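**Student:** Below is a structure I'd like to ask you about.
FYI, it's all coordinate maths here, none of it is from the lab. For clarity, every value in this text was computed on a predicted model and none was experimentally measured. A quick note on method: Cβ atoms are made from the backbone with ideal geometry, for glycine too, and the neighbour counts reach across all protein chains shown.
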Amino acid sequence: MIRNNPCDISRYVPDFVLKDQAFAENCGAQSAEHELLRQRIQDVLAQFYVDTATWGLDIWEDTLALPRGKDAFELRRARVKSKLKGTATTTTKVLEQIGAAFVACEKVSVLEQYADYFFKLQFTNATRGMVNCAEMVDRIEELKPAHLGFGLSVQQICAGPLIFGGAVYTHQHITVQPAAFNLPQATMLEYIGQAVMVTNHVTIGVGKS
């Protein structure tokens, strides 16, 4: 097991030995080298797991015949996990695992509608958006039976009350046609016009559901 704490070999020698400056500096230098090796070993171990792999994603993609991507690690990991989970026979559980690879949520469910030859992939209480919706849809299209249609839905369950509020604004627009006045002093007809707008403001109170 690899330790998580930084290496310090001075913990393994008596305290009085560290009072010697040369010995203490030697312990410090060797501790730094041991720490570097520990970090490198941890980095290599991280590549064995898709959720922590970084540079090792190239190997995962080559193994699964996926194109090496230049996308963010999160999307590449989702792509690898989707491929791994999609190698078995397509079942509702496999489809749920595909959805979970692209969306972080409490639960992924497949809701089947047999009469309509349709199923819905429902995500309950998603904690973040989809990594790549288009790629997830392509993956599901690849795995599902060709005669079935499918859709996606997101369900958010709220523990507390929902408060709704709104306001309605109505108005009436009246146009007044210009009137002509023949003034004695004027050498031409002058027209005077005006527009009148009447508004009614209705306020809707806030209610609880």
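**Student:** Around N5, with a cut-off of 15 angstrom between Cβ atoms, what is the net charge of the other residues, counting Lys and Arg +1 and Asp and Glu -1?
**Tutor:** My count for the surroundings of N5 gives +1.
**Student:** Can you tell me the convex hull volume per residue for the range 8-163, based on C-alpha atoms, in Å³ to the nearest whole number? Walk me through the numbers before you get to the answer.
**Tutor:** Working: hull volume 33.3 nm³, N = 156.
With only Cα atoms used, the range 8-163 gives 214 Å³ per residue.
**Student:** Moving on to the next point. If each of V110 and K19 carries a label point 7 Å out from its Cα toward its Cβ, how far apart are those two points in nm?
**Tutor:** With each label point 7 Å from Cα toward Cβ, the separation is 7.3 nm.
**Student:** In debye, nearest 20, what is the charge dipole magnitude of the range 1-101 about its Cα centre with +1 on Lys and Arg Cβ and -1 on Asp and Glu Cβ, if you could check?
**Tutor:** 600 debye
**Student:** Next up: Modelling each spin label as a point 7 Å along the Cα-to-Cβ direction, I'd like the T175/N125 distance in nm, to one decimal.
**Tutor:** Taking the simple label geometry, T175 and N125 are separated by 5.7 nm.
**Student:** Pull out the extension gain between F118 and D43, defined as 0.36 nm times the separation in residues minus the alpha carbon to alpha carbon distance; nm, one decimal.
**Tutor:** Between F118 and D43, full extension yields an extra 22.6 nm.
**Student:** Listed highest first by mean packing, meaning other Cβ atoms within 10 Å per residue, what order do 104-111, 37-44 come in?
**Tutor:** By packing density, highest mean first, the sequence is 104-111, 37-44.
**Student:** I need the chymotrypsin sites (Phe, Trp or Tyr not before Pro) found in the range 1-104, filtered to DSSP loop residues with at most 15 other beta carbons within 10 Å of theirs.
**Tutor:** F48, Y49, W55
**Student:** Between L152 and F73, what's the calculated FRET efficiency when r is the beta-carbon distance and R0 is 22 Å? Round to 0.05. Please report the intermediate quantities before stating the final value.
**Tutor:** On the way: r = 24 Å, r/R0 = 1.09.
The formula returns an efficiency of 0.40 here.
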